[in-house]
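Before any comments, here is the structure.
Please treat every number below as a calculation from the coordinates, not as lab data. Just so we're clear, the structure is a prediction, and the values are computed from it rather than from any experiment. Don't worry about glycine lacking a Cβ; one is built from the backbone with ideal geometry, like all the others, and counts go over all protein chains shown.
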Amino acid sequence: MEQTYVMVKPDGVQRGLIGEIVSRIEKRGLKITAMKMHQIDEETAREHYKEHSDKPFFEPLVEYITSSPSVSMIVEGENAITIMRSMNGATKPIEAQPGTIRGDFAIETGRNVVHASDSKETAEKEIALHFSESETTTYSRIDEVCLY
Ligand code: RTP
Ligand code: MG
């Protein structure tokens, strides 16, 4: 079963969108196996976004992501990585389709509410970066058994 890392970014927390985002993930049928609110420190933020370290938006991005608490989750399910990316919508809210989280709740690229890992390799790295082993759980969703 695939796992991905999802973050409600500081603007999502400050706008009271945690429940809305968690609800969409649960209703889609994905399983949240770890979740916490925490203020991401600078070192962790730099590591998380290191692929963008040479971009002009890197410093403002690190400042924003560390400015206030975020909610981190491990989300599990078949094709969880691709499904979460499509639920989040395009990076730039102007390109995000209505019905996606960014398409429904964001207008600025620098305040786009959510993050989700973009590949299996990234998901593994991000889960290890933001969670310790003891913060993760295992359980079954009631709708998890597929009979065909
Ligand atoms: P994320 O990593 O946050 O889930 O977003 P993403 O994969 O959709 O987009 P990515 O290219 O990884 O960009 C990371 C975050 O950097 C900010 N950004 N600003 N000003 C800009 O042109 C620009 N481009 C990206 C966004 O907050 C984006 O989510
Ligand atoms: Mg990204």
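Residues in the range 116-126 that are touching a helix residue (DSSP H, G or I) at 6+ places or on another chain (Cβ under 9 Å) and either part of a helix (DSSP H, G or I) or crowded, with 22+ Cβ neighbours inside 10 Å (or both): Ala116, Ser117, Lys120, Thr122, Ala123, Lys125, Glu126.
In the range 27-57, the residue that is nearest to ligand 1 (Cβ to nearest atom) out of those that are touching a helix residue (DSSP H, G or I) at 6+ places or on another chain (Cβ under 8 Å) and among the β-branched types (Val, Ile, Thr) is Ile40.
For the range 62-82, state whether one or more residues are of a type in the set (Asp, Glu) and within 14 Å of ligand 2 (Cβ to nearest atom). No, that holds for no residue. Given the residues Glu51, Glu59, Glu108, which is the only one that is in contact (Cβ under 8 Å) with a residue 12 or more places away in the chain and charged (D, E, K, R)? Exactly one of Glu51, Glu59, Glu108 is in contact (Cβ under 8 Å) with a residue 12 or more places away in the chain and charged (D, E, K, R), namely Glu108. Taking the numbered list (1) farther than 15 Å from Ile21 by Cβ; (2) near ligand 1 (Cβ under 9 Å from one of its atoms) in turn, Ser134 passes all entries but (2).
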